[in-house]
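Notes follow once the structure below has been shown.
The values are calculated or read from the model by the stated rules, or taken from the named source; none is laboratory data. These figures come from a predicted structure and were not determined experimentally. Ideal geometry is used to build each Cβ from the backbone, glycine not excepted, and the neighbour counts take in all protein chains shown. When the accessible area is computed, the model is the full protein with side chains, heavy atoms only, and any ligands, DNA or RNA have been set aside. Shrake-Rupley method; radii C 1.70, N 1.55, O 1.52, S 1.80 Å.
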Amino acid sequence: MERPHPSQITYRSSGAVGADRTVVLLREGSITIGDPDTSLSSSYGVRLVSMGMPAVSLSDHEAFGGQTPDEEQSAAVAELMREQGVSPDRPAGMIALGAVGWRAAEAAVMMGPAIDRIAFVDVPVPDAPLARTDVADLLTRLEANLLVVAGEGEQASADAAWIVEHSEGVRRASAVGTLADVWSEVLAHVAPGARTG
């Protein structure tokens, strides 16, 4: 069942109740379809917390790193993850789809060791120079092991290459495409060793 949060984030939990591993999926807009492949996800035995976030537009956002609505949303994501039991004692993996990737990264930095793996799927790089500087700095503060998956098209590939170039210890996935296309590789990254089937 989809639940509203005071921050306007909607969320739902699915998968294995009481699972050792939680995976948080952040996307823009509706979470009507929280899990792109339930049969594959069930073989991992993880609990999937899907979060739908209000629309974002980082390209025109020159003050990305300041006290902004985006930062407030990142803090709300971190708070919601804590409410869902994510902690350094029970670290989680995170998947960020599209433009919410940078808010997901901010939330992961706020969570520290409570988020140990993160996957960017088709995350665009801001156009504004200051915003690019801010997200490059954000990548240097990200403790989680990062996987970068490019979306389809030349710009998406260039954005993925930029993120890889500005990150340490990052891996670029061989897969390209929609979240459903790359779900297997992404799950393997954010829930290592969890597959049972």
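What is the sum of charges around I118, taking Lys and Arg as +1, Asp and Glu as -1, for the other residues whose C-beta is under 13 Å from the C-beta of I118? Let's see the in-between values first.
Details: positive: R103, R117, R141, R171; negative: E106, D116, E143.
Combined, the nearby Lys, Arg, Asp and Glu give +1.
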For the chain, the per residue accessible area (1.4 Å probe, Å²) is 44
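Which net charge results when you count Lys and Arg as +1 and Asp and Glu as -1 among the other residues whose beta-carbon is under 14 Å from that of E185?
On the way: positive: R117, R171, R172, R195; negative: D37, D122, D181.
It works out to a net charge of +1.
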Taking placed amide H atoms and a strict 5 Å upper bound, the residues 5 or more places from V24 or on another chain that come that close are V49, G93, M94, I95
May I ask what percent, to the nearest 5, of DSSP beta bridges between residues of the chain are antiparallel? 25
Cα-centre dipole for region 88-168 with unit charges at Cβ (Lys and Arg positive, Asp and Glu negative), debye to 20: 260
Using the Kirkwood formula over every pair of different C-alpha atoms, what hydrodynamic radius in Å results for region 70-197? 14.7
Quick calc, E185 & S87: beta-carbon distance into FRET formula, R0 25 Å, rounding 0.05, result 0.40
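Want the number for R195 to E28: 0.36 nm per residue separation, take away the alpha-carbon distance, what's left? Can you show the working numbers first?
Values: separation 167, 0.36 × 167 = 60.12 nm, distance 2.72 nm.
Once the chain is fully extended between R195 and E28, it gains 57.4 nm.
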Using a Gaussian network model of the chain whose springs link C-alpha atoms within less than 10 Å, name the residue from I95, I115, I163 with the highest mean-square fluctuation. I163
Considering only protein heavy atoms, what is the solvent-accessible area of S167 at a probe of 1.4 Å, reported in Å² to the nearest 10? 20
V17-E165 pseudo-label distance in nm [points 7 Å out on the Cα-to-Cβ vector]: 4.9
Rounded to the nearest 10, the angle in degrees between the Cα long axis of helix 101-111 and the longest principal axis of the Cα atoms of the chain comes to 70
When only DSSP loop residues count, what GluC sites (Glu not before Pro) in region 158-194 have their Cβ near at most 13 other Cβ atoms within 10 Å? E168
Heavy atoms of L40 accessible to a 1.4 Å probe, total area in Å² rounded to 10: 30
Sum of side-chain charges, V148 neighbourhood, beta-carbon under 13 Å (Lys, Arg +1; Asp, Glu -1): -2
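So what is the relative contact order of region 63-197, in percent, for Cα pairs below 8 Å that sit 6 or more residues apart?
The normalised contact order for region 63-197 reaches 22 percent.
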